[in-house]
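The block underneath contains the structure these notes are about, expressed in structure tokens.
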Amino acid sequence: MSKVCVITGGPGVGKTALVNSILKVLAAKKLAIALAAPTGRAAKRLAESTGLGAMTLHRLLETDPNEGGFKRNADNPLECDLLVVDETSMVDVPLMNAMLKALPPAAALLMVGDVDQLPSVGLGQVLKDIIASGAVPVVRLTEVFRQAATSKIIINAHRINEGAMPDLSARDEGDFFYVDATDPGDVADRVVDLVARHIPRRFGFDPARDIQVLSPMQRGGAGARALNILLQTRLNPPTDTAIEKFGQSYGPGDKIMHIINDRERDLYNGDLEVVTAVDHVDGELTAMFGQTEAVFDFGELDAVQLAYATTIHKSQGSEYPVVVLPLTMQAYTMLGRELIYTAVTRAKQLLVLVGPKKALAIAVKRRQPRRWSLLQERLTRRLG
């Protein structure tokens with residue numbers, strides 16, 4: 001009997017349903033269960049899917065701003081019988097180390113995540129190494145449920161993950177579409193037209209709240225920075241009420257992203273908001289995230305950035321009704337299977353891919369270079 005287990009699998013295979021069933025059984029036994037995820041967005045998704053409270057790992061471990069590190073550790077462990085960590089592929093080596101030290105010796109650990117997504121931004125590839133080591137039991141879900149199997153997003157995500165080109169034949173109906181474009185300028189123009197006109201007109205989605213552009217990189221003609229300016233100009237041109245700060249302009253109606261963790265406001269890196277007011281007298285910007293209102297002094301606006309477009313890396317742990325994915329040969333060094341797979345699996349209802357087939361083919365064929373942290377080797381050695 002192991003006190004540690006991993007559940008992994010791609011979209012539509014039932015990870016959420018399996019975890020919920022496990023939690024219902026254990027909750028009925030009156031066990032103390034803690035739920036956590038690496039990001040605020042992922043924690044909120046976990047809470048919504050389970051109906052239980054969930055928080056970020058940093059909040060669970062109680063970040064210590066004075067001493068550094070965390071207040072929860074081997075001397076002050078967590079108070080739980082089971083810790084469930086979602087989106088474990090995003091957890092890096094230092095955070096996993098801190099989490100395991102804070103886990104009570106008698107507690108169990110359930111790690112859930114898609115091992116084929118991008119690895120953590122920080123050091124290592126923890127989930128992949130744990131699975132490869134054979135040190136703990138792994139439940140790998142592979143069968144796509146019948147309802148999910150009707151989605152081209154899910155079907156194509158699995159094709160990409162297997163190294164096969166996605167089906168780009170859809171024209172009139174479906175949830176996965178391809179728009180051919182060659183040079184970065186043409187890609188950018190097509191993306192702006194799709195977000196501002198075609199997708200809202202045909203499918204009824206709101207350009208700011210429902211549609212998210214995910215680019216492989218910040219720079220370039222179809223990178224997140226350039227697309228943010230183009231989309232803002234088209235969707236919500238700056239007026240006299242806007243405030244220009246840190247190289248960007250923010251006005252009522254603009255879509256912004258919080259890029260740091262702010263526990264006092266309950267806002268986290270990756271949270272999306274819409275600006276509702278700019279007060280030049282008091283020097284304040286007001287934004288809404290869902291039903292939560294947040295007020296920022298103008299001097300605090302380095303904590304946000306325009307978010308009509310963002311990078312695929314920034315989207316980890318999040319889901320969006322619609323994803324528009326621009327690909328160009330300018331992003332050649334970034335193109336890889338894990339990157340495209342991660343972007344495609346962020347879309348819940350509609351995915352539109354824009355760019356040359358050559359860039360897509362390169363991305364599907366190329367695997368991410370392995371990261372060497374020696375974690376897999378050390379875990380395997382412990383088994384021996």
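The values are calculated or read from the model by the stated rules, or taken from the named source; none is laboratory data. Just so it is clear, the model here is predicted, and its values are computed rather than measured. FYI the Cβ positions are ideal-geometry reconstructions off the backbone, even for glycines, and counts take in every protein chain you see. For accessibility, only protein heavy atoms count, side chains too; no ligands or nucleic acids. Shrake-Rupley method; radii C 1.70, N 1.55, O 1.52, S 1.80 Å.
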Might you report the magnitude of the Cβ-based charge dipole of segment 173-256 about its Cα centre, with Lys and Arg at +1 and Asp and Glu at -1, to the nearest 20 debye?
200
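Could the peptides 87-93, 330-336, 52-58 be put in order, highest first, of the mean number of other beta-carbon atoms found within 10 Å of their residues? Mind showing how you got there, number by number?
Values: 87-93: 23.3, 330-336: 16.9, 52-58: 19.4.
Packing proxy ranking, top to bottom: 87-93, 52-58, 330-336.
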Check segment 253-384 and count each lysine pair with an alpha-carbon distance under 20 angstrom, considering only pairs eight or more places apart or from different chains.
4
When segment 258-320 is reduced to its Cα atoms, the Kirkwood hydrodynamic radius in Å
12.4
Could you point to the residue in Leu57, Val19, Val195 farthest towards the positive end of the chain's charge dipole, with +1 and -1 charges on the Cβ of Lys/Arg and Asp/Glu respectively?
Val19
Ordering of 30-41, 9-20 by packing [mean C-beta count within 10 Å, highest first]:
30-41, 9-20
At a threshold of 8 angstrom on Cα-Cα distance, excluding pairs fewer than six apart, so keeping six or more, what relative contact order does the chain reach in percent?
18
Could you tell me which of Phe205, Thr310, Leu78 has its Cα farthest along the dipole of the chain towards the positive end, charges placed at Cβ (Lys, Arg +1; Asp, Glu -1), taken about the Cα centre?
Leu78
GNM, the chain, Cα, under 10 Å: largest mean-square fluctuation among Leu353, Leu235, Leu327?
Leu235
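Within segment 147-249, which chymotrypsin sites (Phe, Trp or Tyr not before Pro) sit in a loop by DSSP and count at most 13 neighbouring Cβ atoms inside 10 Å?
Hits after loop and neighbour filter: Phe246.
Please report the carbon-and-sulfur percent of the accessible area for the chain; probe 1.4 Å, protein heavy atoms only, DNA, RNA and ligands left out. All intermediate terms of the calculation are to be shown ahead of the outcome.
On the way: 9340 of 18140 Å².
Carbon and sulfur: 51 percent of the exposed surface of the chain.
Only Lys, Arg, Asp and Glu count, each charged at its Cβ (+1, +1, -1, -1), so figure out the dipole size of segment 1-140 about its Cα centre, rounded to 20 debye.
Numbers: 14 positive and 13 negative charges, 88 e Å.
Approximately 420 debye in magnitude.
Tell me which GluC sites (Glu not before Pro) from segment 165-267 have a DSSP coil assignment and no more than 12 other beta carbons within 10 Å of their own.
Sparse-neighbourhood loop GluC sites (Glu not before Pro): Glu173, Glu264.
Compute, for the chain, the length of the dipole vector about the Cα centre, with Cβ point charges of +1 (Lys, Arg) and -1 (Asp, Glu) only. Units Debye, rounded to 20. All intermediate terms of the calculation are to be shown ahead of the outcome.
Values: 44 positive and 44 negative charges, 380 e Å.
The dipole magnitude comes to about 1820 debye.
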Can you give me the accessible area per residue for the chain, using a 1.4 Å probe, in Å²?
47
Applied in sequence order to segment 84-89, the curve 6.51 cos²θ - 1.76 cosθ + 1.60 (Karplus, θ = phi - 60°) yields integer Hz couplings, x standing for Gly and Pro, of 10, 10, 8, 6, 5, 4
Among Leu109, Val91, Val139, which residue has its Cα furthest toward the positive end of the charge dipole of segment 75-155, with +1 on Lys/Arg Cβ and -1 on Asp/Glu Cβ?
Val139
